[in-house]
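A.B. asks: To start, I am sharing the structure in question, which I have written as structure tokens.
The values are calculated or read from the model by the stated rules, or taken from the named source; none is laboratory data. Values in this document were obtained by computation on a predicted structure and should not be read as measured data. Here the Cβ is made from the backbone with ideal geometry for all residues, glycine too, and neighbour counts use every protein chain on show.
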């Protein structure tokens, strides 16, 4: 490979990651992620839609490009005339300290490699944890998580967060209409009970900036909670990638972060952030609803009496129950190197999936 700039190398590593692991997504999810990647590459705002023919041609070209990458290894980063391993995030950022650039790397769903390079907007702290708010992105891959904890530093990526909010506001599920409308009404986005598209465009950045703190405190909770540690989760994912076991483990870990005494829900309660509470409940997907059913009833009661104690009670009950599941997962993970994986899977299904009322893969209801 000829000499390339840092941005080009990071982006090339992003392409390799996408080529290797785009198959972890369903077709619908992959198309949505490709659409947003297209918008980012072409500088298109979240509310602007590309011509269908242009997008489809671009997707075909990108998929053909992925096929050319084969098993190409990730490239070292050219910083200060050195070749830094792409996983050595702290070392890379130490060489970027004199610039306004921040480099990131890590693993996401099914251990998909994550890389990014972005401009730093500002630095702050939360509960003693350093926080960096990042703006314009120079390089990114498909998944682009908007909140990450790397090297004990919380990184909030503002550009992916803008797309996250826009997409979720535009596609409100019937089951979460009430909490989402509660949040949107707080920001003046409803006219006669319906979403005002112009107001949504005008105030998107206001919403994103106002809600950044709740995602910071999710990562604070992630850093503070130790019931289900990252090493245990990585061990599970390593043996059962892209499986129900991975998704349940990840979601329990996320719920424990949200319900930690220094996590997102407690922050929302302390600051009495009604819009944030609406967004949190509105963003809950199917599996997190299963793990956190208390918040749904508590929110409905909250809309009637504004009693924050009921929200805190829901948080506490959810945390206690999911800590029990997390302890069982830790016990099961210890068996991975001692027992056949099929027996480990059966125990996970018996002690985690079935008590949660979840369908066991490969088993009739």
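A.B. asks: When the residues of the stretch 76-96 are narrowed to those that are more than 21 Å from residue 148 (Cβ to Cβ) and in contact (Cβ under 8 Å) with a residue 12 or more places away in the chain, which ends up nearest to the chain's Cα centre (by Cα)?
C.D. replies: 76
A.B. asks: If you go through the stretch 118-166 one residue at a time, how many are outside any strand (DSSP E or B) and either over 14 Å from the mean Cα position of the chain (by Cα) or more than 20 Å from residue 29 (Cα to Cα) (or both)?
C.D. replies: 6
A.B. asks: Okay, next question. Checking the conditions here, which among 252, 236, 216, 269 is in contact with a helix residue (DSSP H, G or I) (Cβ under 7 Å, 6 or more places away or on another chain), crowded, with 18+ Cβ neighbours inside 10 Å and either modelled with pLDDT of 95 or more or under 19 Å from residue 308 (Cα atoms) (or both)?
C.D. replies: Of the residues listed, the single one that is in contact with a helix residue (DSSP H, G or I) (Cβ under 7 Å, 6 or more places away or on another chain), crowded, with 18+ Cβ neighbours inside 10 Å and either modelled with pLDDT of 95 or more or under 19 Å from residue 308 (Cα atoms) (or both) is 252.
A.B. asks: Kindly evaluate residue 186 against the criterion of being surrounded by fewer than 19 Cβ atoms within 10 Å (Cβ to Cβ), modelled with pLDDT of 95 or more and in the same structural domain as residue 324 (by TED's automatic domain parsing).
C.D. replies: yes
A.B. asks: Within the stretch 219-226, identify whether any single residue is within 16 Å of residue 276 (Cα to Cα) and in contact with a strand residue (DSSP E or B) (Cβ under 9 Å, 6 or more places away or on another chain), and answer yes or no.
C.D. replies: Within the stretch 219-226, one or more residues are within 16 Å of residue 276 (Cα to Cα) and in contact with a strand residue (DSSP E or B) (Cβ under 9 Å, 6 or more places away or on another chain).
A.B. asks: Here are 286, 306, 282: which of them is buried (at least 18 other Cβ atoms within 10 Å of the Cβ) and in the same structural domain as residue 176 (by TED's automatic domain parsing)?
C.D. replies: 282
A.B. asks: Regarding residue 335, is this residue assigned to a helix (DSSP H, G or I), in the same structural domain as residue 211 (by TED's automatic domain parsing) and surrounded by fewer than 17 Cβ atoms within 10 Å (Cβ to Cβ)?
C.D. replies: no
A.B. asks: Being buried (at least 17 other Cβ atoms within 10 Å of the Cβ) and either assigned by TED's automatic domain parsing to the domain that holds residue 222 or touching a residue at least 40 places away in the same chain (Cβ under 8 Å) (or both): is that true of residue 65 here?
C.D. replies: Spelling it out, it is not the case that residue 65 is buried (at least 17 other Cβ atoms within 10 Å of the Cβ) and either assigned by TED's automatic domain parsing to the domain that holds residue 222 or touching a residue at least 40 places away in the same chain (Cβ under 8 Å) (or both).
A.B. asks: Also: Can residue 228 be described as assigned to a loop (DSSP other than H, G, I, E, B), surrounded by 19 or more Cβ atoms within 10 Å (Cβ to Cβ) and outside the structural domain of residue 113 (by TED's automatic domain parsing)?
C.D. replies: Spelling it out, residue 228 is indeed assigned to a loop (DSSP other than H, G, I, E, B), surrounded by 19 or more Cβ atoms within 10 Å (Cβ to Cβ) and outside the structural domain of residue 113 (by TED's automatic domain parsing).
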